[in-house]
Amino acid sequence: MDKDKVLDDIFNNDEFDILNVKPKVANGKNEDERLLASFAEINAFYLKHNREPQPNPSNISEFQLYSRLKKIRENPEKIESLQKEDVHGLLNFEKKEINSLEDIFSDDSFDLLEDDTDLFDFKHTPKDQERTATDFVARRKACKDFDKYEKLFREVQKDLAEGKRKLVDFKQGNLRENTYYVHNGVLFLLEEIKISKKEHYREDGTRVREDGRTRCIFENGTESNMLKRSVEKILYANGQVVTENISKVNEKFIENFSNITDEDEEAGYIYVLQSKSKDERIQAIENLFKIGYSKVEVEERIKNAEKEPTYLMAPVKIITAWKCYNMNPQKLEQLLHNFFGKACLNIDVFDANNKRYTPREWFVAPIEIIEQAIELIISGEVVNFSYDEENKVISTKLKQ
């Protein structure tokens with residue numbers, strides 16, 4: 001047997017190209033390529049967040065990018081090689097020399113020396129409720145004029161027991177003077193906020209948040225002058241907001257609509273309706289109301305409701321209606337629709353010709369909340385509030 005011939009036949013008859021082995025190509029990047037890739041990630045972070053990465057222990061990826069940038073800034077050779085890639089000017093910075101204690105305190109880029117926390121404010125280690133409560137109590141002192149507030153606290157507790165007020169979750173930035181809050185089961189009144197530091201940005205781009213001292217009165221006869229941001233932190237961790245007394249809101253509402261004379265000009269009707277639809281989808285929705293406007297009396301407007309898509313092709317029940325004077329009721333209707341926009345019903349109905357409609361005047365909100373919204377629109381205060389569709393209450397609008 002000719003071995004050479006056999007081998008040639010094998011190599012020449014490689015139908016599936018199995019014997020055609022390609023040389024391996026090294027996939028590893030050299031040092032310069034790794035540096036460019038690393039800085040590209042930092043640039044991408046800046047492009048997305050409009051700021052450089054910060055030493056944020058709760059975000060590992062951001063902390064890693066911060067560490068990379070810090071090491072690059074400490075290496076003049078790396079800075080030089082990345083000049084063309086530094087599209088955001090991250091490497092164009094002034095390195096400050098530290099020669100004294102004054103230099104240390106004036107270079108507090110990350111607000112590490114802010115006075116809104118104390119020695120026992122644990123940020124990045126576990127803390128239990130007992131420690132939190134102890135810190136909270138430690139900031140208080142006896143309220144010398146508590147006799148002015150004692151009756152108010154009893155009224156609020158009574159309102160909560162009778163359902164005239166509710167407790168809703170606190171949201172960051174949602175602090176308001178003369179509002180009641182609950183922290184760890186303790187009711188307190190945030191009577192005053194004295195802003196001493198406006199929100200701004202330093203020359204190096206770091207953000208300084210708005211802050212100032214508050215006056216908080218607690219139902220146990222103590223008070224505190226904690227910083228505004230500290231109050232926000234404890235409430236965000238374990239706090240709730242006490243809503244307004246619904247009865248008092250309604251009294252104010254009725255008063256504004258009752259003081260009418262012969263000189264006032266009628267402008268139409270704003271009404272709130274409830275559907276009598278037998279559609280299971282609609283029957284299953286609580287606090288579903290139609291907010292509408294009519295130039296004629298409401299009874300006349302709705303007499304053919306079961307034939308009109310805007311009334312969900314079903315009879316309706318008048319819950320309440322107001323005759324409007326000296327105003328544009330259509331504008332009021334539009335403002336109400338905008339205010340409750342996120343709670344708008346999204347459902348399709350079909351008319352007698354099987355044509356599809358999606359009515360946009362039905363909203364999920366309790367009637368007392370709708371009345372409160374009208375009061376806020378008339379008073380002009382509505383710009384400071386928003387509808388919390390999850391808790392079905394009106395709350396202070398969050399700052400942007």
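The values are calculated or read from the model by the stated rules, or taken from the named source; none is laboratory data. This is a predicted model, so every value here is computed, not measured. A quick note on method: Cβ atoms are made from the backbone with ideal geometry, for glycine too, and the neighbour counts reach across all protein chains shown.
Quick one: count up the residues across segment 163-194 that are charged (D, E, K, R) and in contact with a helix residue (DSSP H, G or I) (Cβ under 9 Å, 6 or more places away or on another chain).
The total comes to 6.
Residues in segment 318-338: is at least one surrounded by 15 or more Cβ atoms within 10 Å (Cβ to Cβ) and at pLDDT 90 or above?
No, every residue in segment 318-338 fails to be surrounded by 15 or more Cβ atoms within 10 Å (Cβ to Cβ) and at pLDDT 90 or above.
Of the residues that make up segment 356-370, is at least one in a helix (DSSP H, G or I), closer than 16 Å to residue 389 by Cα and among the acidic types (Asp, Glu)?
yes
Here is a check on your reading of the model: is residue 347 in contact with a strand residue (DSSP E or B) (Cβ under 9 Å, 6 or more places away or on another chain), under 30 Å from residue 167 (Cα atoms) and not assigned by TED's automatic domain parsing to the domain that holds residue 177?
Spelling it out, it is not the case that residue 347 is in contact with a strand residue (DSSP E or B) (Cβ under 9 Å, 6 or more places away or on another chain), under 30 Å from residue 167 (Cα atoms) and not assigned by TED's automatic domain parsing to the domain that holds residue 177.
Going by what's in this entry, would residue 381 be described as under 15 Å from residue 310 (Cα atoms) and of a type outside the set (S, T, N, Q)?
Spelling it out, it is not the case that residue 381 is under 15 Å from residue 310 (Cα atoms) and of a type outside the set (S, T, N, Q).
Scan segment 347-361 and tell me whether some residue there is under 29 Å from residue 241 (Cα atoms) and within 26 Å of the chain's Cα centre (by Cα).
No, every residue in segment 347-361 fails to be under 29 Å from residue 241 (Cα atoms) and within 26 Å of the chain's Cα centre (by Cα).
Hey, among the residues in segment 208-238 that are part of a loop (DSSP other than H, G, I, E, B) and under 13 Å from residue 187 (Cα atoms), which one's nearest to the chain's Cα centre (by Cα)?
219
Return the residues of segment 79-93 that are surrounded by 10 or more Cβ atoms within 10 Å (Cβ to Cβ) and farther than 14 Å from residue 42 by Cα; say none if nothing qualifies.
Within segment 79-93, 81, 93 meet the criteria.
Restricting attention to segment 332-359, which residues are in contact with a helix residue (DSSP H, G or I) (Cβ under 9 Å, 6 or more places away or on another chain), free of Cβ contacts under 8 Å to residues at least 40 places away in the same chain and under 18 Å from residue 373 (Cα atoms)?
344 - this is the single residue of segment 332-359 that is in contact with a helix residue (DSSP H, G or I) (Cβ under 9 Å, 6 or more places away or on another chain), free of Cβ contacts under 8 Å to residues at least 40 places away in the same chain and under 18 Å from residue 373 (Cα atoms).
Right, residue 310: out of contact with any Ser or Thr (no Cβ under 9 Å at 6 or more places or on another chain), within 16 Å of residue 274 (Cβ to Cβ) and part of a strand (DSSP E or B) or not?
Spelling it out, it is not the case that residue 310 is out of contact with any Ser or Thr (no Cβ under 9 Å at 6 or more places or on another chain), within 16 Å of residue 274 (Cβ to Cβ) and part of a strand (DSSP E or B).
If a residue has to be in a helix (DSSP H, G or I) and modelled with pLDDT under 70 to count, how many in segment 24-62 make the cut?
1
Do we have residue 315 as surrounded by fewer than 18 Cβ atoms within 10 Å (Cβ to Cβ), touching a helix residue (DSSP H, G or I) at 6+ places or on another chain (Cβ under 6 Å) and closer than 19 Å to residue 284 by Cβ here?
yes
With the condition kept exactly as written, say whether any residue in segment 137-148 is closer than 23 Å to residue 223 by Cβ and at pLDDT below 50.
yes
Looking only at segment 30-81, which residues are touching a residue at least 40 places away in the same chain (Cβ under 8 Å) and among the hydrophobic types (A, V, I, L, M, F, W, C)?
Answer for segment 30-81, where residues must be touching a residue at least 40 places away in the same chain (Cβ under 8 Å) and among the hydrophobic types (A, V, I, L, M, F, W, C): 35, 36, 39, 40, 42, 47.
Take the residues in segment 216-246 that are in contact with a Leu (Cβ under 8 Å, 6 or more places away or on another chain) and surrounded by fewer than 20 Cβ atoms within 10 Å (Cβ to Cβ); name whichever of them is modelled with the highest pLDDT.
219
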